[in-house]
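Only the coordinates and a few stated rules stand behind these numbers; no lab work does. Keep in mind the model is a prediction, meaning the values are calculated, not measured. All Cβ positions, glycine included, derive from the backbone under ideal geometry; neighbour counts span all protein chains shown.
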Amino acid sequence: MSLDNAQRLTQSKYYLPTDTKKALMHYDNLQQNDYPVAYSNKYSRHDIILWSLIQNKQGITLNNMSNYFHVSKNTIINDFQDLKADLPKAFSVKNTRNGKQLIGNELIQRSWVYQIVCANENQMILKEMRGAHYRYLQDELNLLQRKGKVVFSDNSFETLATFLSWCLKRIQLNQDRFVENVPEYLNFDDVVLKEWVESLMNHFNIPIKDTEVSYFKNIIYSAQTKNIPNWQCNSELPVDKLVDEIIKRFTQISGTNVDSEQLRNGLKAHLLSTYQRLVLNIPYKSPNLKEIKNDYSELMDLTSFAVQPFENYVHKNLSEDELALITTYFGGQSNRIKNNQSFSTNIDVLLLCSSGVGTSYFLQQTLKRKYNRIKFSRPLGIKEFKKFSNIINAKLVISTVELENKQGMQAVTVHGIPTEKDFELIDKALHQVGLTAMHDANKLARDVMDIISNEVMINNPESLNKKLVAYFKDQVDPGSITTEDKNDKTPSIKELLPQENVSTTKKELSWKQAIQKAFIPLLKNDSVSASYVTEIINKLQEKGPFMLVKEGVLLAHSSPSSKVYKIGMSLLKLDNPATIENEKIDVIICLAPKKEKQHLRALSGLLEILQDNRKYTRLVNAKNKQDLVTLIDDLKN
């Protein structure tokens, strides 16, 4: 592309010219290879290989995949053998002059991708799918919600934004990838939806074809909603009658009368979306199936009995994923009935939920598991919140709806099924109200300032100190610090860096590839998940080389979280330094902290190297692995 350079105004920040910004918004490199390879096992690798086949219609080679995953060619050959056995029936892989090529119906290829998005498991694929148009699709979906008088569930909103962002860009770049024979069993009064879809296609410069318009309408029809949209009002499904029968059967088998207007409305919206998915053959994968089965193991059998009238009507059995979602409605309502006789005011955190009873209860169970030392209320509605707010001694409100009147309490707003970003907000709020332990951020900031000032001049000490304090306040795993932790072993750097965790490489690597390679020992010994590595790369991508602790030395780390299974360290020396924003990287030291203070002794050992010029020189100039092992053995800490 030929683009104008970034411009700079005196005493101001850099900015991009308008034409350049517009051009970049339409630019997606769908075949970019310099991307963090985030996979946890061979099954995740199979997904990425199939994804690569779908993305590259000209084919992919064994050598490309071998280099991409940093595994042997034989491993990739075995992957393709396994993959062939697991491929959808309509798919096949053909050998061509350009490599392996996927043969399969475009509709089925999109269906497979849609399932990957719904499952929300392979973050590498999801991040690549979102591309430059993700924000635009979010804005357009908000517009559709207003015009169509529909409220998508949080999960379905993200699914639609991600999938549509990818699918529309795919057609725009490859206009021979149109679908044919799209089912049109549903005849709704959907002028608003039709116009919305056509507007999207015009924005992407895609010719308006009836089959594609129908396809995108079907995807919207199948999305889970919190209410009944205008386009579903004339559905042929006798939803009121079916809801009556389902609730009646559940009451019979469970011995509990769960009937309520809230449950009925939730089930109606859910069954209408489920019906569309079944009729249109749009598969659904629940991102929280495992957790839902855990929380509602016995209720799933009861729900399976209750929904038989619906299954009889559609002449299909519900999948486990679909059944799990309906189970949450009954689980939430049962819990609500069990607790509605009394309300304890002796709680730490008040839960306020506007979504269905199922997701409300699911939120409560998720929070209880993660923060098991904190007392949470049962989920309350807005009316109950107003009723109890004057007598509640809670320190924090966690709500799924923005509160106009917080009744003098601190509040944080999250989704019904919390995302990773939601948990970051919750963690921070819990710290602020004193419900989770926090280290002395001011002392740590002073210590780091002392170290830095010995090496370089600090131009703005006040600003740096403020930023360090804010940074260290965020570096805590909520709920992980208990009185028992005081006696936990704090391993030294020698213990955390055995020979098998130390390596060198002569390869020329990008900084992303170097970090991936440096973490291999910790991935192999199950110290961390692949998503922990991706999180670090994303942080560096966003904030720049802030993890460089001294010239040429990068400490790759993130805060303690569920992505770290056990404390660990690894070290990689690069014979050919990598660069990040013109900063050189000679050595990458990977740190996986499981608990707040458990790794501090090891960091003390690292400081011994960085503060001693002789040891620092030995580190960055090491010629081989033995030089590094000897250096570590010579440390005092």
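I need two numbers for the range 132-222: Rg to one decimal and Dmax as a whole number, Cα atoms only, in Å.
Over the range 132-222's Cα set, Rg and Dmax evaluate to 12.5, 34 Å.
Stretch Thr251-Glu236 to full length: gain in nm at 0.36 nm per residue minus the Cα-Cα span?
That works out to 2.8 nm of additional length.
Over the range 132-222, calculate the relative contact order: mean separation of alpha carbon pairs under 8 Å at least 6 apart, over the residue count, as a percent.
Worked out over the range 132-222, it gives 29 percent.
DSSP loop (so not H, G, I, E, B), at most 12 other Cβ within 10 Å: list which GluC sites (Glu not before Pro) in the range 545-637 pass both filters.
For GluC sites (Glu not before Pro) across the range 545-637 that sit outside H, G, I, E and B with at most 12 neighbouring Cβ atoms in 10 Å, the list reads Glu581.
Which value, in Å³ per residue, describes the convex hull spanned by the Cα atoms of the range 493-634?
It comes to 97 Å³ per residue, whole-number rounded.
Express in nm, to one decimal, how much length is gained between Ser92 and Lys293 on full extension, taking 0.36 nm for each residue of separation and deducting their alpha carbon distance.
Length gained, Ser92 through Lys293: 69.0 nm.
Sorted by packing (mean other beta-carbon atoms within 10 Å per residue), highest first, where do 95-101, 156-162 land? Walk me through the intermediate numbers first.
Details: 95-101: 13.6, 156-162: 22.9.
Highest-to-lowest ranking by the protection proxy: 156-162, 95-101.
Please compute the length gained on full extension between Thr579 and Val469, using 0.36 nm multiplied by the number of residues separating them and subtracting their Cα-Cα distance.
Working: separation 110, 0.36 × 110 = 39.60 nm, distance 2.78 nm.
Stretched fully, the Thr579-Val469 segment lengthens by 36.8 nm.
Over 23 Å between Cα atoms, which of Lys241/Lys290; Lys57/Lys217; Lys89/Lys268; Lys573/Lys636; Lys368/Lys595; Lys595/Lys623 qualify?
Pairs exceeding the cut-off: Lys241/Lys290; Lys57/Lys217; Lys89/Lys268; Lys595/Lys623.
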